[in-house]
Structures are given as C-alpha cells and as structure tokens.
Amino acid sequence: MSDKHSLTISRTPVPKATLAPTKAREPHVAVVYTTTAGDVDCFDGRPVAAGRLWFSKYRERHEVDLRSFLREVRLGRDPLVSGDGVHHFEVRVSFEYQLDGLRGAEEWVRSGLDDALPTVDNHIKDVCHGAGQAFSIEDTAGLAAELQARFSEATDIGAGLVSHRARVTVRPDAESAAFVKALLEAGRRERTGRAEHVTHLAEQRRLIELDTNQRTAEIIATRQHRYAFDHLLASPEDLINQHLAMHPTDTAGAMEMRMRLESVRAERAERQETQAKEMLDLLVNEGIMLAADFDARRDQFLGLAARAAGAELPAGPPGPAAPPVTASTPWHAPLGAGAAAGITPAGASGTAPAPSALDGGTYEPTFTGPPSLLRTPETPAAALIYLVLDESQETSCLDQLNRGLRSLHEGLSADQAASAALRLCVIGMADDASLRSALEEVGSGICAPTLVHRPGLSYERAFRTLRALLPQDVTLVRAQGAKVLRPLVFFLSGGVPAEGDKWPEALHALTDEAGHPSAPRIIACGLGAADPRAISRIASRPELAHMAPRLTEPATAATTWAAFVHERISDYGRRLAAGGAQFDLAGPDGFRPATDAL
C-alpha cells in the first residue's frame, strides 16, 4: 500500500490572448477548468476553444484519467478478529476503481487530492471492519460470503471514486491455520476412534456370546452326564459296563476291573464268614444260642454276609421266620442300610408290615423326579434405557441437559437397588450420532456424559445408530445373566432434521418388531422449533408424544424435561428392584400432547 496513484494527468494554466490551437486530449481523459474562487466546471470533458478563454474566469486546466484500475488490498497489519477474540483472518480484496464519469472528474479536482490509493484502501478497511466477529475461525467460507455480499454493488467511496467487481478471499492466519488443522486432526481421530470402538465392541460382544454359549453347553452336558450316572450306575458292575460303553476298545481294562472286583468280593466274603462263625461259636459257648439252632443260624448269617459282599447265592430253603415287628418298633419310610443291602422284613407275604397305629398317622411317600438340568435362581430383570438428545440446540439448553445428566447419575449412584436394575446409554444427535456414554450400569465410579454443541440435525443417523447398537447390547446384557426387558428410548429434539422426510424408513427399521426383535418403545418430546407431526410419528404410542409450549424458552423446557427423565428412570428402577415392571406414562410438567400442537 506504499504505491502512489494520481488520477490527474496534467495541470496547466489557461492561456490568455493567444491564437494557438487548443491542446487535444485522449478519449479516456476529461478536461476540467477551475477558477481562483474554487469553482470547478467540466464542459462534457472537452477542452474549450482558445478564443473563448481570453476573457473567461478560468485560470487552470486539469486533465483527469477516467480509466478503470485494478487494485488488491490485503488486511495484514489490521487483520479481522474471529468470534472467539483470539484468532485472526487474512482477507484479500481484489477490485476495480475509477472516477464516476464527468461528475467524478469534477469531484476529484475539487478534492485537491493527488493520490487515490489512501481513499480506496480506507474504504476497503471500513467495509471489512468488525465482520469477523460473527464467525468462528473455522468458518472462512461464511466470512467470505458475508464480505462478498458487502462488495456486491458499485459503491461511491468519495472524491468522485467508485469501486466495483470485488472478489474476496479469506483464510486463517498462520497460527489460526495451525489451530484449525489441529481441530480437524482431532475430529478425524475422534471419528476413526468411534468407528473402531464400535467394531472392537461388537467383536468383544461376539466373543463373549460364543464363550457364554460354550460354557452353557458344557454345563448342560455335565449335568446330563451326572444325571445319567445317578440313575444308571447303581452297582460296581454298572460302572464297569459304563466304562466299556464309553471306551469300546478297552475290553482288557474292563476285564481287569471285573477280576479285581471279584477278588475283592471274595476276600470280603471270606472275612465276614470267619467273623460270622466266631460270633456263632461265642453265642453257643455263652449259652445265648442253643446248639440245635446252630446250623440254621449259620446259613442265615453266612447268606447275609455274602449279600453284603455283593455275591449272588443260590436259592435254598428259608430259615425260621424273624420275630414280627411290634408296636414298639414303628415303621419308617426312607430306606435304611438294610434295604440298601437287599433285606426286607420277614412276613407271610415277604413284604414290609404296615405302620403301627402308635405312629400317630399314616406315612405318605413323596415321589420326586430327576432334578432340572438348568435349575438356577430367579433371573434378575434389566431395563435398557437410551437417551437420544439433540446437540444442535443453543448452549444454554445443553447446559441444562448436562446438569440433568449429572443429577441423574448422582441419583442412581446413591440408589444401588434401582441402579442394578437399569442400564443407561446416552447418544448425542446432530449432523451425525455420537455415542456419549455406552450402555452400562450407573455406579459410583461412572462419570456422567457431556453433550457438546454441534451443527446440523439428522434423525436418520440417530435411528440407524440405535438399530446397530440394540441387538449387541441385548446380547451382552443377556450374557451377563440378566433377563432383558424391552428397551426404552427417551427422544428429545428441538429442531427440524436437515434430511427432510428421509428418516421414517430408518425409524421403521428400528421399531419393526417383525424384522427387529430388540425393537424399543420410544417416548418422544419436542421443544423449540421441533415439528409436532414428527414427534407424534416417532413416539411408539400417541400418549408417549409430548411438546413444550411454543412460547417456552428452550432452556426452561430442557430443565423440565431433565427433571421428568430423572424422576421416571429412578422410579422405574425402584419398581424393577421391588419385582414390578410398571412404568408411568405421564409426560413432563407443562408439556402437552403432541397431537394437540398440530
């Protein structure tokens, strides 16, 4: 801007009393005459004949350039400050300037200026002044459009000059460009990390599901095997036969076990026979038993000993009947050691006698079937709660929602019974859907998520994100041993989606129970500029769609909605912990049905 540009080509005195021809002029030059009194006249830009100037009042002749000139101004020393007051824009304005015809030529001569550039440059600075404060440092396109609109028409900039055909270029300065680049890199890493997180989380859930299925199958197989053993393996022979059935090629091992079993039984029978003989000899010697009864008692004792050892004795004549069971020895139903050994009370029919009347009543046996293979304690119920919140709202509205999320987390952390029955997930909704908090049980070690203001609004992406998350989350919670109730979505919007009518298809894919077994129930609320028709369509039922009054400030409505969600979720968790599953359908205080707002 150190150059100098004068539009006055020449400045000469008006000749008096001369017959010389009048000096000619170029087509782009206008001739202007001035008087000593400061008057300025231009006769259609043409020079006046010499004869007419002899006695005229004009003293000087000015030749002025009417051509258009190209100029570029760069606001470097006085850059535009962005909306945050820290970063700066570099602005370049390329434009054309010239005198506004003959009128401009007169004004130029009258101004007495000999350099047009200061006037031109100051005009550019004045037009651009303060424009950057309405834009963030990332929004260079928005600032360029604003400045281009300011320079869109030819403008009188003073001293007879006009500017036109301006072209504006805007970019951040070096420090601001580095800042914007860092933001873009951080955003790119965030988006990449979110995508990788979803993939890793899905893979982890698949591994958990496979491991759970494998462990369940192993438990079932083990219980079935044990149940089969309980009913089939009642003797050592059964064990040997089972071993041979499971290992058909190990006949040698089965025969060895059989031989060892017979050897052990023979040794045991021999010991018990010796003990029985010694006992009978003692009874005879002590006079307790008569010698005439020795042979009969001997056969009876030896038979009992053989059965106790597991031997099969040939049938023979029965010995003397045992003394009958009297009223002083009542009958007890559960089988004892004698029954297990194959001994039954003696009688005429060989069956056990009836219970004595002194027992005080009759015995009613209870028959129980085999235990259940999967008998487990009562499975706890878990409710999956999803908060889908509009992050395109103004900052004051998001502040109230963030305060409500912190209050909800603090309340659930303090109420462990209600928290154990709930799983909470928070999704931010703007131009895309951002997972602010994955589905998890709220506890003392869990931090409340934070909503961040972002431009744009897309219902479609929010619904598709939910459609992808729900089956994975349901599978994961079931793998943790909980009975999953149908998911519940609290949906809050304060605007109209940018995609227009493209979102209903995504909503149908989310809520269609035929194609989506994990389809949720949706409670939809709208505030600010939200469309009541859209809110009514999103809600699962008409009584689950609510709208804040139009005159209510969004921040106030957000505070009411946050209190409503806190109360409903906490109450729902307490009811689930107590064994119930009822849910209050009443909407937020002051909100009205969305159908009434149409």
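The values are calculated or read from the model by the stated rules, or taken from the named source; none is laboratory data. All values derive from a computational prediction rather than experimental measurement. All Cβ positions, even for glycine, are placed from backbone atoms using ideal geometry, and neighbour counts span all protein chains on display.
What tally of residues in the stretch 103-115 results from selecting those that are crowded, with 19+ Cβ neighbours inside 10 Å and touching a strand residue (DSSP E or B) at 6+ places or on another chain (Cβ under 6 Å)?
Qualifying residue count, the stretch 103-115: 4.
One residue is enough: does the stretch 569-580 have a residue meeting the conditions touching a Leu at 6+ places or on another chain (Cβ under 7 Å) and not hydroxyl-bearing (S, T, Y)?
Yes - at least one qualifying residue is present in the stretch 569-580.
Please enumerate the residues belonging to the stretch 456-489 that are assigned to a strand (DSSP E or B) and under 13 Å from the mean Cα position of the chain (by Cα).
V489
Scan the stretch 27-36 for residues that are at pLDDT 75 or above and part of a loop (DSSP other than H, G, I, E, B) and report the count.
Keep residues of the stretch 27-36 that are at pLDDT 75 or above, which gives 27-35.
Within this subset, residues satisfying the condition of being part of a loop (DSSP other than H, G, I, E, B) are 27-28.
Residues that pass the stated criteria total 2.
Mind checking which pairs have a first residue in the stretch 187-203 that is within 20 Å of T475 (Cβ to Cβ) and a second that is surrounded by 11 or more Cβ atoms within 10 Å (Cβ to Cβ), Cβ under 8 Å, 6 or more apart or different chains?
H197/L435; V198/L435; V198/A468; L201/A438; L201/Q472; A202/Q472
From the set of residues in the stretch 12-26 that are surrounded by 15 or more Cβ atoms within 10 Å (Cβ to Cβ) and closer than 24 Å to G112 by Cα, which is modelled with the lowest pLDDT? Steps first, please.
From the stretch 12-26, those surrounded by 15 or more Cβ atoms within 10 Å (Cβ to Cβ) are 14, 22, 25; that's our starting set.
From what is left, the residues that are closer than 24 Å to G112 by Cα are 14, 25.
Details: V14: 76, R25: 66.
Within the stretch 12-26, the match that is modelled with the lowest pLDDT is R25.
Are any of the residues in the stretch 437-451 part of a loop (DSSP other than H, G, I, E, B), among the small types (G, A, S) and in contact (Cβ under 8 Å) with a residue 40 or more places away in the chain?
Checked against the condition, which is being part of a loop (DSSP other than H, G, I, E, B), among the small types (G, A, S) and in contact (Cβ under 8 Å) with a residue 40 or more places away in the chain, the stretch 437-451 yields at least one hit.
Output the number of the condition that A509 fails; it satisfies all remaining conditions of (1) under 27 Å from A557 (Cα atoms); (2) in contact with a Gly (Cβ under 9 Å, 6 or more places away or on another chain).
A509 satisfies every listed condition except (1).
Show the residue pairs meeting these rules: Cβ distance below 7 Å; 6+ apart or different chains; first residue within the stretch 555-578 and assigned to a helix (DSSP H, G or I); second residue of a type in the set (F, W, Y) and buried (at least 18 other Cβ atoms within 10 Å of the Cβ).
Between residues of the stretch 555-578 that are assigned to a helix (DSSP H, G or I) and residues that are of a type in the set (F, W, Y) and buried (at least 18 other Cβ atoms within 10 Å of the Cβ), the close pairs are V565/F490.
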